[in-house]
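Trainee: Below are the structure tokens for one structure; questions will follow.
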Amino acid sequence: MAALDAHLTAALERIDARHERRRLTATALQRGGRVARGGATLVDFSSNDYLGLATHPLLAARAAEWGALYGAGSGASRLVTGTHDAHLALEAKIAAFKGTQAALLFPSGWQCNAAVLAALLKAAPDALLFTDRLIHASLHAGSAGRRQIRFRHNDLGHLAALLDEHRDAAGPRLIVTESVFSMDGDRADIAALATLARTHDAFLYIDEAHATGVLGPQGRGLSAAHPGAVDLVMGTFSKALGGFGAYAAGSQVLIDYLVNACGGFIFSTAPPPAMLGAIDAALDLVPGMDAERAALAAHGDHLRARLNAAGIGTADSTTQIVPAIVGEAADALALAAALAADGLLAAAIRPPTVPPGTSRLRLALRATHATADIDRLADAIVAHRPR
């Protein structure tokens, strides 16, 4: 280890010089869109707990109940002894929620994307991979070593041109994108993507991490409004559904293949019972939360209107994720610090997560915020923004 210390220290110094150093800070979620941090209570605009389910008593109770019934751990990977009746029942429940033939649980969203995409590409070594330029880092990890044919963000005309340009190439086509983008809060046109995929006989992979629970009929995601149009839908339980873990949903043959060929599934210990209990409770609650989804949408519209009126850009956000574009990393950090001093927690997002010159506050809203919380945030951003 000592042989690397000097290099690690130098690398950290370079990160510091770019104002990109990250540090861990103890934080505890509370109800009402608040967190406890450093002995203070702050209004939280940084967590992805969009519906407030992370502190919902039913999730906590069912997690405890299933832990007491089935134990703290699952004991092994799913293909050894780790598959319990509860895993199979929950996967069937997820498939019904997403309107697909089958579904498969994964420990986390990052692992799901990285492992599933890699497995798909393993099945088709000559596949052409078409990706939105702003896909999540987990999807880049899943395509490591493979050429990506990238289309401009949400520019389906550019995607159509690229598909046409490669029409004579051998191998299947895979289109990979997100339904809601985590840093800009904008959304993809699922219907148009599905039409393109059908026209070019392409496999369509949609990451619904930030849409699951929030958008679409009964919070089932944007893809749920277009039954059968998407070949693989991925999503998480760690955001609007308040718990932890992820899923891949699609045809039975797709899920059967992943069980046999997806390394991130095969070589991972099965999700533990408490995690399954929280997911099960969230799936019971989410379809009936239309009022909370409406409140969340209204918060997003209100905040964008306030910020835009003050000349603060919010990109193409149309969801519960609202970026307040600042520009330079140091300015974003300074603004976040000023808000924290006012009792408002808003994460500063800097390169390499976003492109240079687009550092921002990523404002993640919750149904449990009050309109007064949104106005307080907007007032503080306008007051403290860089001049």
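Trainee: Under a Cβ-Cβ cut-off of 11 Å, what is the net charge of the residues other than L285 that fall near it, where Lys and Arg count +1 and Asp and Glu count -1?
Mentor: Numbers: positive: R62; negative: D280, D284, E292.
After counting each charged neighbour, the total is -2.
Trainee: Taking R0 as 35 Å, what FRET efficiency do you get between Q218 and S77 from their Cβ-Cβ distance, rounded to the nearest 0.05?
Mentor: For R0 = 35 Å, the calculated efficiency reads 0.60.
Trainee: At 7 Å along Cα-to-Cβ for each site, give me the label-to-label distance between K122 and D189 in nm.
Mentor: 3.6 nm
Trainee: Quick check: net charge around G264, other residues with Cβ under 13 Å of its Cβ, Lys/Arg +1 and Asp/Glu -1?
Mentor: Neighbour charge sum, excluding G264 itself: +2.
Trainee: Sticking with this structure for a sec: Over the Cα atoms of region 178-302, what radius of gyration and what Dmax do you get, in Å?
Mentor: In Å, with Rg to one decimal and Dmax whole: 15.5, 47.
Trainee: Using alpha carbons only, how many angstrom separate the centre of region 98-121 from the centre of region 132-190?
Mentor: So the two Cα centres are separated by 17 Å.
Trainee: Then there's this: Which one, T55, T81, T100, has the greatest fluctuation when you compute a Gaussian network model over the chain with C-alpha springs under 10 angstrom?
Mentor: Its mean-square fluctuation being the largest, the pick is T81.
Trainee: Take the chain, connect every pair of alpha-carbon atoms lying under 10 Å apart with a spring to form a Gaussian network, then pick out the residue of G145, G327, G185 with the largest mean-square fluctuation.
Mentor: G145
Trainee: With the other protein chains left in place, how much accessible area per residue, in square angstrom, belongs to the chain at a 1.4 angstrom probe?
Mentor: Working: 16230 Å² over 387 residues.
About 42 Å² of surface per residue is accessible.
Trainee: Measuring from centroid to centroid over Cα atoms, what is the spacing of region 311-387 and region 214-248 in Å?
Mentor: If we compute the Cα centre of each part, the gap is 26 Å.
Trainee: On the protein heavy atoms, probe 1.4 angstrom, tell me the percent of accessible surface of the chain carried by carbon and sulfur.
Mentor: 57 percent
Trainee: I would also like to ask the following. Along Cα→Cβ, 7 Å out, is where each label goes; now give me the distance between the ones at D201 and A6 in nm to one decimal.
Mentor: Once both label points are built, they end up 5.9 nm from each other.
Trainee: Here is a follow-up. Could you please report the charge total around L215, scoring K, R as +1 and D, E as -1 over all other residues with beta-carbon less than 11 angstrom from its beta-carbon?
Mentor: On the way: positive: R187, R220, R293; negative: E208.
Once all neighbours under 11 Å are counted, the net charge is +2.
Trainee: Sorted by average packing, counted as other Cβ atoms within 10 angstrom per residue and highest first, what order do 295-306, 190-201 take?
Mentor: Descending mean neighbour count gives 295-306, 190-201.
Trainee: A follow-up question, please. May I ask for the Kirkwood hydrodynamic radius of region 301-387, worked out over all distinct Cα pairs and given in angstroms to one decimal?
Mentor: After inverting the pairwise mean of 1/r, the radius is 12.8 Å.
Trainee: Okay, moving on. Would you look at the GNM of the chain, springs on alpha carbons closer than 10 Å, and say which of L121, L12, L333 moves the most?
Mentor: Result: L12 has the largest fluctuation of those listed.
The values are calculated or read from the model by the stated rules, or taken from the named source; none is laboratory data. Keep in mind it's a predicted model, so treat the numbers as computed, not measured. With ideal geometry, Cβ positions are generated from the backbone for all residues, glycine too; neighbour counts draw on all protein chains shown. Note: areas computed on protein heavy atoms with side chains; ligands, DNA, RNA excluded. Shrake-Rupley method; radii C 1.70, N 1.55, O 1.52, S 1.80 Å.
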